[in-house]
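*Asks:* My structure is below; once you've seen it, I'll send some questions.
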Amino acid sequence: MKIDSISKKSVATSANTHDLAPYYYLTPEQKRKRQWLVGGINVVGYGGSLIIFSNTWYDDYPKTSFHTFDDSKEWLQMDKVGHGWAAYNTGRASTEMWKWAGLSNKKATWIGGLSGTVYLTVIELLDAHSAKWGWSWSDMAANILGSGLFISQQLGWEEQRIQFKFSFHYKNYSDPMLNERSDDLFGSSSVERMLKDYNGQTYWLSANLRSFFQGSNIPAWLNVAIGYGADGMFGGFENIWIDEDTGMPVDRTDIKRYRQWFLAPDVNFSKIKTNKKGVKVLLGFLDAFKFPTPSLELSNGKLKVHAIHF
């Protein structure tokens with residue numbers, strides 16, 4: 001019998017209501033309280049993160065009137081993939097909160113899933129009024145694709161068989177000029193580097209094998225991930241910049257900018273069984289990030305093996 005056909009009476013008397021979605025066993029009053037709480041958390045969370053972004057990204061540049069900027073070829077599209085990841089995972093987190101608050105899967109998916117694009121549209125408006133950046137239609141396309149990846153799976157399968165993940169490793173260079181340029185361009189702290197240094201980022205589409213081969217003996221937590229990264233980038237479009245101390249141009253076009261493709265095993269944390277709610281929430285959070293494993297890299301027409309990939 002499908003869960004939708006369970007009567008309210010049977011749900012109320014069931015000893016296993018903890019196995020059901022909150023939509024089926026919460027009272028209207030409980031739903032109302034939880035929905036107010038989730039709404040408040042979303043307002044505070046989204047608002048607080050926008051303040052952090054504003055202080056991190058925009059404070060050093062003058063404000064302007066609304067304008068557009070074509071950055072579709074910048075950073076070898078790493079920033080676009082990052083937009084998709086952010087839209088996907090903010091939508092995923094918000095949807096889980098709305099489901100906890102008693103909304104059906106369909107309603108929670110639409111409200112939570114679209115919140116990622118709405119949130120990133122606000123960030124795009126900040127870009128549009130900054131002299132450094134501008135409104136980017138390619139950013140908006142990436143935001144919509146990220147939300148679409150989440151929503152389509154959640155409505156079609158009621159699970160995320162293909163997860164959108166992120167990993168990062170801090171880059172150090174033997175050339176002092178490149179380290180100085182990285183500090184100036186991306187920031188010197190680990191948090192700034194993680195947000196801004198596209199050379200150290202990898203984005204992954206991680207597929208759960210058991211979900212596609214149901215009934216098999218494949219471990220439920222085992223995923224296979226395809227990753228995308230890029231390296232050699234010390235400017236948005238090219239490796240040429242102005243030295244802030246001397247005011248002279250620096251030409252490092254000798255450094256090749258290139259794309260990287262990766263293949264690696266991964267862990268689907270949400271498939272790890274636990275009865276502890278706090279642990280379950282933590283595992284769901286970890287699913288936004290790629291688990292460090294060995295990987296195979298294809299770049300510059302060559303294959304490389306990494307013993308461990310962060």
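*Asks:* Scan region 155-186 for residues that are free of Cβ contacts under 8 Å to residues at least 40 places away in the same chain and farther than 22 Å from T293 by Cα and jot them down.
*Replies:* As a first pass, look at region 155-186 and keep what is free of Cβ contacts under 8 Å to residues at least 40 places away in the same chain: 156, 170-176, 179-180, 183, 186.
The answer is G156, Y173, S174, D175, P176, N179, E180, D183, F186.
Yes/no per residue for (1) open to solvent by 90 Å² or more (accessible area, probe 1.4 Å); (2) under 30 Å from T95 (Cβ atoms):
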site: W204; (1), (2): no, yes
site: G215; (1), (2): no, yes
site: E238; (1), (2): yes, no
site: D245; (1), (2): yes, no
site: T253; (1), (2): no, no
site: K290; (1), (2): no, yes
site: H309; (1), (2): no, yes
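*Asks:* While we're here: For V38, state whether it is under 30 Å from W261 (Cβ atoms) and out of contact with any Ser or Thr (no Cβ under 6 Å at 6 or more places or on another chain).
*Replies:* Details: under 30 Å from W261 (Cβ atoms): no; out of contact with any Ser or Thr (no Cβ under 6 Å at 6 or more places or on another chain): yes.
No, not satisfied.
*Asks:* Could you check region 240-254 and list, in sequence order, the residues that are of a type in the set (A, V, I, L, M, F, W, C) and in a loop (DSSP other than H, G, I, E, B)? Give the derivation first.
*Replies:* Taking region 240-254 as the starting set, the residues that turn out to be of a type in the set (A, V, I, L, M, F, W, C) are 240-242, 248, 250.
Correct list: M248 only.
*Asks:* What about I144, is it in contact (Cβ under 8 Å) with a residue 12 or more places away in the chain, open to solvent by less than 20 Å² (accessible area, probe 1.4 Å) and of a type in the set (V, I, T)? Don't jump to the end; show me each part of the working.
*Replies:* Working: in contact (Cβ under 8 Å) with a residue 12 or more places away in the chain: yes; open to solvent by less than 20 Å² (accessible area, probe 1.4 Å): no; of a type in the set (V, I, T): yes.
Spelling it out, it is not the case that I144 is in contact (Cβ under 8 Å) with a residue 12 or more places away in the chain, open to solvent by less than 20 Å² (accessible area, probe 1.4 Å) and of a type in the set (V, I, T).
*Asks:* Next question, about the same structure. Mind counting the residues in region 160-195 that are surrounded by 17 or more Cβ atoms within 10 Å (Cβ to Cβ) and among the polar types (S, T, N, Q)?
*Replies:* Of the residues in region 160-195, 4 are surrounded by 17 or more Cβ atoms within 10 Å (Cβ to Cβ) and among the polar types (S, T, N, Q).
*Asks:* Can you tell me which of (1) of a type in the set (F, W, Y); (2) loosely packed, with under 15 Cβ neighbours inside 10 Å; (3) under 30 Å from G232 (Cβ atoms) is the one W157 doesn't meet?
*Replies:* Result: W157 passes all but (3).
*Asks:* When you go through S216, S182, S138 one by one, which is the residue that is in contact with a Leu (Cβ under 9 Å, 6 or more places away or on another chain) and among the hydroxyl-bearing types (S, T, Y)?
*Replies:* Numbers: S182 fails: in contact with a Leu (Cβ under 9 Å, 6 or more places away or on another chain); S138 fails: in contact with a Leu (Cβ under 9 Å, 6 or more places away or on another chain).
After applying the criteria, what remains is S216.
*Asks:* Give region 255-288 a look and list any residue that's within 25 Å of G236 (Cβ to Cβ), open to solvent by 90 Å² or more (accessible area, probe 1.4 Å) and not in a strand (DSSP E or B), or say none.
*Replies:* Result: K256, single match.
*Asks:* Inside region 11-116, counting only helices (runs of 4 or more DSSP H) that do not spill past its ends, which hold 1 or more residues that are open to solvent by 40 Å² or more (accessible area, probe 1.4 Å), at negative phi and modelled with pLDDT of 95 or more?
*Replies:* The qualifying helices (runs of 4 or more DSSP H) are 28-53, 78-100.
The values are calculated or read from the model by the stated rules, or taken from the named source; none is laboratory data. Quantities reported herein were computed from a predicted structural model and do not represent experimental measurements. Note: ideal-geometry Cβ built from the backbone for every residue, glycine included; neighbour counts use all protein chains shown. For accessibility, only protein heavy atoms count, side chains too; no ligands or nucleic acids. Shrake-Rupley method; radii C 1.70, N 1.55, O 1.52, S 1.80 Å.
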